1. Please specify each residue of segment 74-93 satisfying the condition of being open to solvent by less than 80 Å² (accessible area, probe 1.4 Å), farther than 11 Å from residue 47 by Cα and assigned to a strand (DSSP E or B).
2. Taking segment 1-20 as the region of interest, how many residues are exposed (fewer than 14 other Cβ atoms within 10 Å of the Cβ) and outside any loop (DSSP other than H, G, I, E, B)?
3. Regarding residue 40, is this residue assigned to a strand (DSSP E or B), touching a Cys at 6+ places or on another chain (Cβ under 6 Å) and open to solvent by 40 Å² or more (accessible area, probe 1.4 Å)?
4. Can you tell me which of 23, 65, 71 is touching a residue at least 40 places away in the same chain (Cβ under 8 Å) and either charged (D, E, K, R) or part of a strand (DSSP E or B) (or both)?
5. For segment 46-73, how many residues are of a type in the set (A, V, I, L, M) and either surrounded by 21 or more Cβ atoms within 10 Å (Cβ to Cβ) or touching a Pro at 6+ places or on another chain (Cβ under 7 Å) (or both)?
Amino acid sequence: IMPKEKVIEGLIIEPNQFPRKLRIENELSAYQKAVKGYIECIDLPNGATLICNEESKINGEPLNRILYDERGEIIDVVAGNMVIVGFDAEEGEFTSLTEKQAEEVTEEFL
């Protein structure tokens with residue numbers, strides 16, 4: 001099954017770095033390369049999806065960002081690279097981030 005968008009725009013956030021724009025092929029191998037391993041997806045409150053390496057903590061990757069819920073409670077700490085993209089729940093596939101989502105994510109993870 002081919003995704004509607006072959007290349008999408010999102011953000012990549014590496015440990016100790018500012019979020020930066022990313023154009024990425026919309027396929028599993030590209031996401032695995034970006035996060036250096038098997039992917040894990042975490043839904044963000046603004047409809048975006050955070051993609052990270054599911055084994056990054058076990059593998060000793062450097063800690064990256066803390067994730068909080070809407071009450072400000074810590075949910076998790078992500079290690080290694082994070083890729084943030086949009087998600088179309090109806091189609092079940094990743095999409096480009098909207099400008100608003102990109103701004104919100106950038107602000108949250110500065």
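1. Of everything in segment 74-93, those that are open to solvent by less than 80 Å² (accessible area, probe 1.4 Å), farther than 11 Å from residue 47 by Cα and assigned to a strand (DSSP E or B) turn out to be 76, 77, 78, 79, 82, 83, 93.
2. Taking segment 1-20 as the starting set, the residues that turn out to be exposed (fewer than 14 other Cβ atoms within 10 Å of the Cβ) are 1-2, 4, 6-7, 16-18, 20.
If we keep only those that are outside any loop (DSSP other than H, G, I, E, B) too, we end up with 7, 20.
Residues meeting the conditions: 2.
3. yes
4. The conditions single out 65.
5. Within segment 46-73, the subset of a type in the set (A, V, I, L, M) is 48, 50-51, 58, 63, 66-67.
Then drop every residue that is not either surrounded by 21 or more Cβ atoms within 10 Å (Cβ to Cβ) or touching a Pro at 6+ places or on another chain (Cβ under 7 Å) (or both), which leaves 48, 50-51, 63.
Of the residues in segment 46-73, 4 are of a type in the set (A, V, I, L, M) and either surrounded by 21 or more Cβ atoms within 10 Å (Cβ to Cβ) or touching a Pro at 6+ places or on another chain (Cβ under 7 Å) (or both).
The values are calculated or read from the model by the stated rules, or taken from the named source; none is laboratory data. Because the structure is a prediction, the values reported are computed rather than measured. Cβ: placed from backbone, ideal geometry, glycine included. Neighbour counts: every protein chain shown. Surface areas here come from the heavy atoms of the whole protein model, side chains and all, with no ligands, DNA or RNA. Shrake-Rupley method; radii C 1.70, N 1.55, O 1.52, S 1.80 Å.
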